[in-house]
Structures are given as C-alpha cells and as structure tokens.
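Report on one structure; see the data block that follows.
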Number of protein chains: 2
Amino acid sequence: MTLDCPLPYGEHELIQLGHGAGGRLTAELLDSLVLPALGGQPDGPLEDAALLPGADELVVSTDSFVVSPLSFPGGDIGSLAVHGTVNDLAMRGALPLALTLAVIAEEGLPLAELRAVLDSAGKAAYETGVPFVTGDTKVVGRGAADRLFLNTTGIGRRITGLTPSAAKARPGDAVLLSGPIGLHGTAVLSTREGLGFETDIASDTRPLHRLVQALAPLGGGIHSLRDPTRGGLAAALNEIARDSGVGVRIEERAVPVPAAVAAACDLLGLDPLVVANEGCLVAFVTADTADEALTALRAHPEGAEAVRIGHCAAAPAGRVELRTLIGARRVVDMPLGEQLPRIC
Amino acid sequence: MTLDCPLPYGEHELIQLGHGAGGRLTAELLDSLVLPALGGQPDGPLEDAALLPGADELVVSTDSFVVSPLSFPGGDIGSLAVHGTVNDLAMRGALPLALTLAVIAEEGLPLAELRAVLDSAGKAAYETGVPFVTGDTKVVGRGAADRLFLNTTGIGRRITGLTPSAAKARPGDAVLLSGPIGLHGTAVLSTREGLGFETDIASDTRPLHRLVQALAPLGGGIHSLRDPTRGGLAAALNEIARDSGVGVRIEERAVPVPAAVAAACDLLGLDPLVVANEGCLVAFVTADTADEALTALRAHPEGAEAVRIGHCAAAPAGRVELRTLIGARRVVDMPLGEQLPRIC
C-alpha cells in the first residue's frame, strides 16, 4: 500500500478568476504549480522584477494586460502597459532601458481602436524616455479573445547603490506612501459597470521611475519599494511583511483615500486597501532617512502628496495591522482572490 | 478646401486573421500602424530580435503564443513558447541568458492542463540551459480567451564575431536550410482538424541555438539567419530578399519536404513553402564558407539533414524565384495573409 502524496490541487480543479488577482490564491498557484514547473524557488521573495543572470546590473520584468474596458478615465490599456512595466522595474531600483510589446488582437477589432491604444503606448513610452525595441502581433478568431490583450516586458538598469527588495524591510523602518490610493481600480470598475463615478475619479496610471530616482541619493536607507497594483495596498504590505519577516503597522488616518474613492468603495462594498493602484508606491526606509525621503518624493508632481503611513515592528512577523480611526487594531489580511477582475 | 491625406487603413476597417499571419498583411500593419505609433522606423529591416540600447551585446525578443490546440504531436504551447523565443534570439547570433513567461488563462481551464503545459515549458528551458527569471499570471472570465495564451520574452548575449542580420545577405551567398520543412504547421493543423496525418507528422519544435553556435567559428561569413516560422520558408526568404536588396534563387528539388507533409499539403491545397516551421533555419553564408557551414550544421542532430537550397543574385532585387522540378522559374511571393491561423 502506498500513501497518496498530498497534491496542492485536486486533479479536476479548475482555474478561477482569483488565481490571477494578485492575492492569496495567486501566491498559492505560484508556489504550488507555476514555480515548481518552471524550476523556480517556491516561497522565495516574489519581486516585481528579476535580476538578469550574467548581467548583474540589469533587471527584467514582464506583465500581460487584460484590462476591460480598453479605455478608462486617466488612461487606457496602452499607457497602462507601459507604466505597469516601467514601475515594476523601478520597484527594483532600475531605470528602463527598453520595452517590448506583444499584441493579441481579436479578429474584428477596429483598426482605429488598435491605433489609438498603440499611439497611447507610444506616447507613454516617449514621455518615460524608453524605446520599444521589438514586438509581436497575433490575431485570434472572433470569440477567442476579448478584443485586445497586451504584454510588455521591460529591461532596466539598476541605479548604483539602490538595491531595494521585498525581503529587506527591517523593524524600525518608516512606511511611506507616495500618493492617494484606490483611484485606478475604482475608475476602471466605474467605467465598466457604468456607475457614474467615472466623472469624479480618474486612474492614477503614471510612471514612477522618477520618484525612485529621487530616492537614489538615500541609497542603502531605501529597503523595500512596491507599487500596490493588483490586491492594492493590503497585498503590497503583506508581501513585504512576509518576505522580510517583519510586522507592519499602519495608521488608518494617515492613509490618503480620496472622497470619491471612499464613496465608490462604500457603494460597492470594497475596502480601499485592496483596490488596485497604478501610480503610487510604498517605500520602507530607515527611520533616519524618512524625512529626507518624503522631501525627495514631494519634489515631484507624482509624489506631491507623499505621506508616512506607519512603521515596521519586529513582531508579529509577517502580519500587517491597521490602527483604525477610533484607535482599535485590526489585522489587514492578504486579499484572498478577485474583487475586481481585469483591472490591469 | 483641404485634400484628405491617404490613410493606410479606412476608418472603419477591422483587424483580420491575416494581420497576424506573418505575411504581407502583417508587414503592412507594422509599417502603417504599429511602428509609427510606437515610434519605430517603418520599412527598416524587421529582425527576429532587437539589440538592447546601452548594452550592445545583448538582444531581446518577445513572442505571444496562441496555438490551438494546446498540445500536438511533437510538442505543446509550453515547449513551443520556449523554442520560439530561444530561436528568435539565435537568429540574431545570440545565446539565451534568461526567459520571462506571462500566462493569460481562461477561467475554468483545468489546473492539470496548465500544469502540463508549464512542466513542458520548464523542461524545454532546462534542456536549452536557460532559466525563467520572472513571470506574470492573468485570468480572464469564461469566453474572454480561448483556454490559454503564453508570452515569452528572451534576453540573450551575442556570440562574439557573429552579427547576422536580415539586411546582410549579398549576391553570391549560398542559401542553406538546416532541415525538412512543413512539419510544424501540418502537425498542428492535422491535430486541430482531425485529418489523421498526425500519426505520421510531428512538429519539428526544438531549439536552434546550438546550430548557431556551431556556425560561430565562421564569423563574418554568416550573413543572415532566419527561422521560417509563420509564413514559412516563403516569408523568411522574401524578408531577407527585401531587407538585403538581393534576389534569392531556390532549387525546388533541393528543398526537403517529407512525403507525409507533401501529402497533407496536397489534400489541404497548401504550398509547403508557406507552412510554418519551428525547428529549422535558413542561413545565407558566403560561397566559400558554405561547405564548412553545412558540415558544422550536420554535426548536430537538429542539423543532420542540412542542405544547400539555392543562392543569392544581384537581381531582381527583393524577389525570390524557384526553379521547379521541370526547370521552369516561378516567383515565390510573400504570402498575403493567413493560411493557417493560430499555428504558434
């Protein structure tokens, strides 16, 4: 008699929307299935971008974009694809050198829409100062894809002296946030569902590499950087807490949530902490560099509203806690799965 | 009164399957819409992979894979995604350093199928000696994608002294082909349509970097390399003829077409010259290195059947001509559009 190995997934289990949501289900899928299959290291730090073997100062990041609708207040899938990848590189302390763009289009997509999206991607890349160096175009039959998916891969070079990692946060670190949260997710959702908030809310999609460049003079004082995209601030803080083995303590009153975002979240039953952002970052920095870091961030329009939202403690390791407006403490869990499908 | 600018596409034109087929429609889409939008250079040489600015010896290539079905004799979308990108790097004279993998899965895809495909990708990468360094997973709702799409981006380093380009073929060059043609396209099509040929035909999907490494000692004698994927040998030869401004002359009797491929093409009304391959390359080399190059290719299993199929002439520039079995000449056109959708 043999004992069956405990399989992480049943033989007949199916992929769910939550597996792509950037929360706990995504982490489980990565650890149990994707990383073992591809020869990666389960349970290692999950970074936004990887160092390129044999070319130490270069980092690489890839992202597919499936946002629906293709356009929303503040941006579209084209600009989002550029910003998302530029920002993943930036979170590893790198400035972008080059981008690739791969298109999967559904037969029947109006060429005018494809043109608009690619124009937007080209404009975003130009404004960021990074060229598209190569690409790919695939077309699938009607019904085999929903209009248009993009993939961008970015290659960047690390700024000398800047080596942030999700595993480098330390007790005592200050936790900074470069701008208000919840704009991207609520803008896309409101547009898609026709909720009417889209007149008050625009996505924050924008490149963050200049903010990272502004932090570079602080060098080793910058421990961890993360842009809170899928899974929102809750996922970003939980990832750093887990990978660094620290406790993260956040003050609710310090977290900037625009009034229109709060109203939209109230209506939809969403927690702004789990809503996706595309134009802000969290920085874990040593306590003695926190003021300088805030000043550096605030010197740029995209960091003008930078604030300190909390600090790191030694315990409880791996846990994120929020002190609420009335002074109570609550645990901020890693979001389980999908609250907002196809948000990026 | 103003004169309307001639637009390359009408306002209401829609994307067609042929726009993704690697033929003339793809080239038109790139030149008229994609490259202008992204800030690229229309009518420049279209290479399989691009040099990375600021890191001269590095090249990068990206490809999305939408093949249907996901598995076919000889391979699956996982191994295909690895080989396709490794080969695009190799055609620029580069050995792969790292791969990225981005997954777009349809809700409801069995996790066992995802695992099988990723295992296959991991195995192909391991056998090629290249690591996956980062990735991305997106899930879209049922009906918003057809099961599974993959994107692989590869970064490679050029072998010193090897600088092949689609623009470097010269009159007098020998045209070499590393193996038989037509296997991949007919294997996928036969599986998809249940034609029965799939018992006799398996895809040739495999990595070609070792063949390129074998050619490296011939250095500057290696002018152009191309793997004839979408659009087949006809597209690959036409691209080199166009980008190098040379005439290409091919002997039909020298082009190896397996009997089962010929039979499948007869039945389907396909020209084997336009059927996709995933495991052979064409090399344009100086006449005096041709014999040495053939010997080098034949020393590897994947090049055991390498042959000389023709030569380059000064005129007619940009045209590919085939001398048929009965001695007649016919022009081999760039394929217009899609004969075999979703072949890779």
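Rule-based calculations on the coordinates, nothing more; no lab input. Everything numeric here is computed off the predicted structure, so don't read it as measured data. Cβ sites come from the backbone with ideal geometry, for glycine too, and all protein chains shown count toward neighbours.
Residue by residue along B:126-133, Cβ atoms of other protein chains within 10 Å of the local Cβ number 3 on average. Close amide H pairs (under 5 Å, H built 1.01 Å from N) link residue A:139 with A:105, B:20, residues at least 5 positions away or on another chain. With its label point put 7 Å out from Cα toward Cβ, residue B:202 sits 5.7 nm from the same residue's point in the other copies, in order from shortest.
Using only side-chain charges placed at the Cβ, +1 for Lys and Arg and -1 for Asp and Glu, the dipole size of segment A:174-331 relative to its Cα centre rounds to 360 debye. Overall, segment B:47-158 carries a charge dipole of about 140 debye about its Cα centre when +1 sits on the Cβ of Lys and Arg and -1 on the Cβ of Asp and Glu, all other atoms neutral.
222 nm [θ] for chain B, helices only, -39500 (n - 2.57) per DSSP H run of 4+, per residue, to 500? Can you show the working numbers first?
Numbers: 9 runs with 92 residues, N = 344.
Taking each H run of at least 4 residues, the total per residue is -8000 deg cm²/dmol.
Taking the Cα centre of the protein assembly as shown as origin, work out the dipole magnitude from +1 charges on Lys and Arg Cβ and -1 charges on Asp and Glu Cβ, in debye rounded to 20.
Working: 52 positive and 82 negative charges, 178 e Å.
Dipole of the protein assembly as shown, to the nearest 20 debye: 860 debye.
Test of understanding: ordering A:312, B:280 by Cβ neighbours within 10 Å, fewest first, what list do you get? Before the final figure, lay out the partial values.
Working: A:312 22, B:280 28.
Lowest to highest Cβ neighbour count: A:312, B:280.
What whole-number value in cubic angstrom gives the convex hull volume per residue for the C-alpha atoms of segment B:174-331? The partial results should precede the final answer.
Details: hull volume 16.6 nm³, N = 158.
Hull volume over Cα atoms, normalised by residue count, gives 105 Å³.
If each label sits 7 angstrom from Cα along the C-beta direction, how far apart, in nm, is residue B:271 from its counterparts in the other copies? Inter-copy label distances (nm, one decimal, shortest first): 6.2. I need the fraction of alpha carbon pairs in the protein assembly as shown separated by more than 40 Å, rounded to a whole percent. Of all Cα-Cα distances in the protein assembly as shown, 31 percent exceed 40 Å.
Roughly what % of Cα-Cα distances in chain A sit above 31 Å, to the whole percent?
Numbers: 18279 of 58996 pairs.
For chain A, the share of Cα pairs beyond 31 Å comes to 31 percent.
For residue B:123, the aspartates and glutamates whose Cα comes closer than 20 Å to its Cα, not counting residues fewer than 8 places off in the same chain, are A:31, B:63, B:76, B:88, B:113, B:136, B:204, B:278, B:302.
Per-residue Cβ neighbour counts within 10 Å put B:120, B:32 in the sequence B:32, B:120, beginning with the fewest. Cα convex hull, segment B:47-158: 104 Å³ per residue, rounded to a whole number.
Just tell me how shielded B:25-32 is by partners: mean number of partner chain Cβ atoms within 10 Å of each residue's Cβ, no decimals.
Numbers: counts 1, 3, 0, 0, 6, 2, 0, 2.
Mean partner-chain Cβ count within 10 Å for B:25-32: 2.
Here residue A:138 is the anchor, and the lysines within straight C-alpha reach of less than 20 Å, apart from those fewer than 8 places off in the same chain, are B:138.
Mean per-residue shielding of peptide A:110-117 is 6, counting Cβ atoms of other chains within 10 Å of each Cβ.
Just checking the listed ones, B:189, B:14, B:281: in the Gaussian network model of chain B with Cα springs under 10 Å, the one fluctuating most is B:14. Comment: the Cα-to-Cβ extended label point of residue B:108, at 7 Å, lies 1.7 nm from its counterparts in the other copies, nearest first.
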